[in-house]
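The values are calculated or read from the model by the stated rules, or taken from the named source; none is laboratory data. These numbers were taken from a predicted model, which means no experiment stands behind them. All Cβ positions, glycine included, derive from the backbone under ideal geometry; neighbour counts span all protein chains shown.
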Amino acid sequence: MILTGPEIAREVAAGRIHIDAFDASGIEPNSYGFHLGREILRYRTDCLDAYAAPVEERTVMGEDGMVLLPGNFYLGVTRESMGSPNYAATLYARRSVSTLGMWIQFSAPLGHCGAVFPWTLEIQVAQAMRVCPGMLIGKIAFWAMQGDLVRYDGKYTGSETVVSSRLSHELR
């Protein structure tokens, strides 16, 4: 069952949902709007190898942002640290962003309960697009779970910013 916006606000106040710098104006009917952080990561390797850590290039955006180009894959980060030890979460783009041809979370939208950190976003654009840190880019929804509670304690635990793939850690 998905939580309503007012229920998300109540759960934040009760400490059962964590959203850094929570702002009640970010509450939507069934989600909370989040913002793009400053860091953007891009892989610099022509051929990625599942058995090796990817070579990455990090950019810290200034206030004027940066232009993302089609045909490139970017990783961004949410400005907010978000999650819950009590609920699962899903991340989505805002319709206003996706209808400009920007996708921010197209293959891994599920956040397990216990995962609380700034979320790494998968970003691609259909045409050149300027993005800026702090822009309202997506929404997070929280879901009640059924069954025994198992909290996330995986390889991305403790992340503080955008994180590249750690698949090679599993394959070693």
Has the stretch 146-167 got any residue that is under 29 Å from S25 (Cβ atoms), buried (at least 17 other Cβ atoms within 10 Å of the Cβ), at pLDDT 95 or above and more than 10 Å from the chain's Cα centre (by Cα)? no
Hey, can you tell me all the residues within the stretch 83-115 that are touching a residue at least 60 places away in the same chain (Cβ under 8 Å) and touching a strand residue (DSSP E or B) at 6+ places or on another chain (Cβ under 8 Å)? G83, S84, P85, Y87, Y92, R94
What about R58, is it surrounded by 15 or more Cβ atoms within 10 Å (Cβ to Cβ), in a strand (DSSP E or B) and not acidic (D, E)? no
Can you find, within the stretch 36-47, the residue that is surrounded by the most Cβ atoms within 10 Å (Cβ to Cβ) among those that are free of Cβ contacts under 8 Å to residues at least 40 places away in the same chain and assigned to a loop (DSSP other than H, G, I, E, B)? T45
Given (1) farther than 20 Å from E160 by Cα; (2) touching a helix residue (DSSP H, G or I) at 6+ places or on another chain (Cβ under 8 Å); (3) small (G, A, S), index of the condition A53 fails: (1)
Odd one out for G33, checked against (1) within 23 Å of W103 (Cα to Cα); (2) outside any strand (DSSP E or B): (2)
So I27 passes all but one of these: (1) of a type in the set (A, V, I, L, M); (2) at pLDDT 95 or above; (3) under 29 Å from G62 (Cβ atoms). Which condition number does it fail? (3)
Report those strands (runs of 3 or more DSSP E) wholly inside the stretch 80-172 carrying at least 3 residues which are out of contact with any helix residue (DSSP H, G or I) (no Cβ under 7 Å at 6 or more places or on another chain), of a type in the set (A, V, I, L, M) and under 18 Å from I19 (Cβ atoms). 88-93, 136-143
Just checking, does the stretch 38-56 include any residue being acidic (D, E), within 17 Å of the chain's Cα centre (by Cα) and farther than 29 Å from Q146 by Cβ? yes
Please find, within the stretch 9-24, the residue that is nearest to the chain's Cα centre (by Cα) out of those that are closer than 11 Å to G83 by Cα and among the aliphatic types (A, V, I, L, M). I19
